[in-house]
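Read the structure below first, then the notes.
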Amino acid sequence: MLRLTEVALFLAPLALLGAWWLLGWRSRWVVWAAVCSLAVLAAGLAWFGEAQQLPSAARYVPARVLPDGRIVNGHGA
């Protein structure tokens with residue numbers, strides 16, 4: 001479900017741009033859809049920023065390559 005939300009947030013501005021090109025910028029509903037799409041995009045960016053941040057007491061451990069060639073992703077510790 002989360003991936004579907006991310007894909008929808010990514011494709012919404014592109015779909016709106018296509019509707020704008022097809023219908024013309026003078027259509028009133030296209031302008032309102034653009035405003036609503038930008039509001040949803042801003043809310044999604046704020047949510048993503050909050051969901052991905054580390055707790056204040058956590059320390060970031062950068063990614064590293066182990067001697068056997070495996071990669072350990074960066075994480076909070």
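What the table below lists for this structure:
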{"quantity": "In the range 1-54, the residues that are of a type in the set (S, T, N, Q) and closer than 25 Å to His75 by Cβ", "calculated": "Thr5, Gln52, Gln53"}
{"quantity": "Which listed residue is at pLDDT 85 or above and under 16 Å from the mean Cα position of the chain (by Cα), from Leu9, Leu2, Leu38", "calculated": "Leu38"}
{"quantity": "Any hit, the range 43-50, residues being acidic (Asp, Glu) and within 10 Å of the chain's Cα centre (by Cα)", "calculated": "no"}
{"quantity": "Answer residue from the range 2-39, given it is part of a helix (DSSP H, G or I) and of a type in the set (Phe, Trp, Tyr) and is nearest to Gln52 (Cα to Cα) among those", "calculated": "Phe10"}
{"quantity": "Hits in the range 18-29 (condition: surrounded by 13 or more Cβ atoms within 10 Å (Cβ to Cβ) and either of a type in the set (Phe, Trp, Tyr) or within 22 Å of the chain's Cα centre (by Cα) (or both))", "calculated": "Ala19, Trp20"}
{"quantity": "Given (1) assigned to a loop (DSSP other than H, G, I, E, B); (2) at negative phi, index of the condition Gly69 fails", "calculated": "(2)"}
{"quantity": "Residue in the range 47-57 that is part of a helix (DSSP H, G or I) and surrounded by 12 or more Cβ atoms within 10 Å (Cβ to Cβ) present", "calculated": "yes"}
{"quantity": "Selection count, the range 58-73, where residues are surrounded by 10 or more Cβ atoms within 10 Å (Cβ to Cβ) and of a type outside the set (Val, Ile, Thr)", "calculated": "2"}
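The values are calculated or read from the model by the stated rules, or taken from the named source; none is laboratory data. These numbers were taken from a predicted model, which means no experiment stands behind them. Every residue, glycine as well, gets a Cβ built from its backbone with ideal geometry; the counts of neighbours run over all protein chains shown.
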